[in-house]
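See below for the structure under consideration.
The values are calculated or read from the model by the stated rules, or taken from the named source; none is laboratory data. As the structure is a computational prediction, the values presented were derived from the model and not from experiment. Reconstructed Cβ throughout: ideal geometry from the backbone, glycine too, with neighbour counts over all protein chains shown.
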Amino acid sequence: MNRIDCDAAAALIEPLTELVVQAGLAILAVNRGTMTTDGKADGSPVTEADLAADRVIAAGLARLLPEIQTLSEERTRLAQLPATSSFFLIDPLDGTKEFIAGRNEFTVNLALVTDGVPLLGIVGAPALGLIWRGLVGRGAERLIISSGAASSPVPIHTRTMPVAGKPWVAAVSRSHGDERTEAFIDSRPGAVRKTTGSAVKFCRVAEGEVDIYPRLSHTCEWDVAAGHALVTAAGGRITDAKGAALRFGVGRDEFIVPEFIAWGDPAAAALQ
């Protein structure tokens with residue numbers, strides 16, 4: 001089975017959620033004060049925690065679905081692109097800078113991409129005790145994690161765009177500001193910025209806490225795919241700055257996503 005459709009993905013939600021939980025526990029087991037930190041070729045940091053979470057996910061996916069290709073930030077050298085049919089796209093620890101700084105807004109991102117489009121996304125925030133997950137066409141939900149066990153899921157949904165005279169609320173990065181993004185937010189008079197780390201920004205859009213999350217500078221596919229599926233499943237939409245859809249696993253240099261906007265209300269994307 002090299003192509004996973006919505007029905008097959010639905011049967012994978014629970015075991016994949018458990019993998020994200022276990023990867024989160026592996027991160028929390030690392031002592032931030034004494035851990036080893038190295039630099040990648042692009043200058044970004046990688047820690048013991050990144051690698052520990054990646055090992056958990058790699059072993060779990062190999063056990064669950066060994067025939068499905070995986071693309072992890074920590075194992076890009078093994079990627080065979082362009083990807084065909086279905087593949088897993090993983091960031092074992094998104095927000096490594098937040099993690100190193102001692103903050104709690106770091107995540108484990110796991111996405112299932114089929115035919116170039118994220119179909120299922122799970123974002124775990126182990127230090128916050130939360131998991132968000134969504135399956136496109138089937139909805140999105142949030143779970144509380146305590147002592148490695150998940151609560152009953154609570155459905156979540158994006159919110160409609162602000163009516164005239166009401167301010168937009170935009171999720172913005174603590175570590176990756178840029179002029180184009182700031183100008184885009186400023187084009188909505190009175191916009192309120194909500195600073196948040198890692199893929200938690202997508203989660204805030206998905207659960208209706210913010211209206212929009214723009215990033216008009218480059219990032220990587222593993223930073224975006226799980227949040228893409230989550231926001232879409234919750235009723236939102238992800239586009240580029242011109243309103244076009246994003247595609248994943250197509251073999252871009254360095255797995256770059258040049259830009260994206262996560263819209264809580266798809267109608268807002270049509271009006272940009």
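Tabulated data for the structure shown
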item	result
So Asp7, is it under 27 Å from Glu254 (Cα atoms) and free of Cβ contacts under 8 Å to residues at least 12 places away in the same chain	no
Top-ranked residue in the range 237-269 [being among the charged types (D, E, K, R) and not in a loop (DSSP other than H, G, I, E, B); ranked as nearest to Ile156 (Cα to Cα)]	Arg237
Scope the range 80-114; condition closer than 13 Å to Gly249 by Cα, surrounded by fewer than 23 Cβ atoms within 10 Å (Cβ to Cβ) and without any contact (Cβ under 8 Å) to a residue 40 or more places away in the chain; matching residues	Gln80
Qualifying helices (runs of 4 or more DSSP H) (wholly inside the range 168-236; at least 1 residues being closer than 14 Å to Ala262 by Cβ and either of a type in the set (Gly, Ala, Ser) or under 16 Å from the mean Cα position of the chain (by Cα) (or both))	200-206, 221-233
Residue satisfying all of: in the range 142-161; more than 18 Å from the chain's Cα centre (by Cα), surrounded by fewer than 17 Cβ atoms within 10 Å (Cβ to Cβ) and not in a strand (DSSP E or B); modelled with the lowest pLDDT among these	Gly148
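Quick grid of which residues meet (1) farther than 29 Å from Gln272 by Cα; (2) at pLDDT below 95; (3) aliphatic (A, V, I, L, M):
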{"position": "Leu71", "(1), (2), (3)": "yes, yes, yes"}
{"position": "Thr76", "(1), (2), (3)": "yes, yes, no"}
{"position": "Ala79", "(1), (2), (3)": "yes, yes, yes"}
{"position": "Phe88", "(1), (2), (3)": "yes, no, no"}
{"position": "Ala111", "(1), (2), (3)": "no, no, yes"}
{"position": "Ile131", "(1), (2), (3)": "yes, no, yes"}
{"position": "Ala140", "(1), (2), (3)": "no, no, yes"}
